[in-house]
Amino acid sequence: MIAQLTGTVLSVRGTSTVVEVGGVGMLVQSTPGTLAELRVRQDVRLHTTLVVREESLTLFGFLAESERDAFEALQSVQGVGPRLALAMLSVHSPDALSRAVADGDRKALEKVPGIGAKVAARLLLELGGTLSLPETGAPAGMADARAQVEEALVGLGWNAKAAAGAVAAVAPEPIADKDVPVTLKAALQSMGGTRA
């Protein structure tokens, strides 16, 4: 795994940059935010991840380590590949993504082209607890987050009545924001594979 590159920027394109490292020009895909900060002949250090496919090796790089970490975490979700993860980081910062996941904000995730209701609900379910929240976030758990769990279940294909019943069965007490992913998993398990 190539975790970091330090070298000189040779060129900056619409979706990528070429960085010279030890006489070799490395093509690195990145977000518009990172690319906007780069200048030709500038020395730069990028936090990188190498995506290996049967037919290709693609290097992705970011100025901020948090962006690289979020990029890798996003790809752990079924249906999210490197291109979609890059699109998400082009629309939202890592902090904004963390906040959206913590708040169960499916609408914020759906602002990304290519993210529909089902993929957004899957992101909320599978990323809970894996994207770190910014230090200055508002305290969680001040209100019942039951509606977030019910909305996620509806997004996954269940009707509103079945979703509400499942959430009530697994969480009779108020649900804190930080407990949304756990409650969602428990509700899904209780409902099995049957959509009402």
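Could you work out the local net charge near HIS47, counting Lys and Arg as +1, Asp and Glu as -1, over the other residues with Cβ closer than 14 Å to its Cβ?
Net charge around HIS47: -3.
So what's region 65-127 giving for Cα Rg divided by 2.2 N^0.38 Å, two decimals?
0.94
Averaging over every viewing direction, what projected area does the convex hull of the Cα atoms of region 13-67 cover, in nm²?
Its Cα hull, projected and averaged over all orientations, spans 4.2 nm².
Normalised by the number of residues in the chain, what is the relative contact order in percent for Cα pairs under 8 Å and 6+ residues apart?
14
Between the helical axis of 160-170 and the dominant principal axis of the chain, each derived from Cα atoms, what acute angle in degrees is found, rounded to the nearest 10?
90
How tilted is helix 65-74 with respect to the longest principal axis of the chain? Cα atoms for both, answer in degrees (0 to 90, nearest 10).
Orientation of helix 65-74: about 50 degrees from the principal axis.
Size of the chain along its principal axes in angstrom, Cα-based, largest extent first?
62, 39, 26
Using 20 Å as the cut-off for backbone N distance, which residues of region 55-75 belong to the label zone defined by a point 7 Å from the Cα of THR6 along Cα→Cβ?
60-69
Could you tell me how many degrees, from 0 to 90 and to the nearest 10, lie between the Cα long axis of helix 180-191 and the main elongation axis, the longest principal axis, of the Cα atoms of the chain?
Value to nearest ten degrees: 50.
Distance between Cα centroids, region 152-196 to region 78-132: provide it in whole Å.
For region 152-196 versus region 78-132, the Cα centre distance is 19 Å.
Any read-out appearing in this document is the output of simple, stated calculations on the displayed coordinates, not a laboratory observation. Fair warning: this is a prediction, and the values are worked out from it, not measured in the lab. Positions of Cβ are generated from backbone atoms using ideal geometry, with glycine treated the same way; all protein chains shown enter the neighbour counts.
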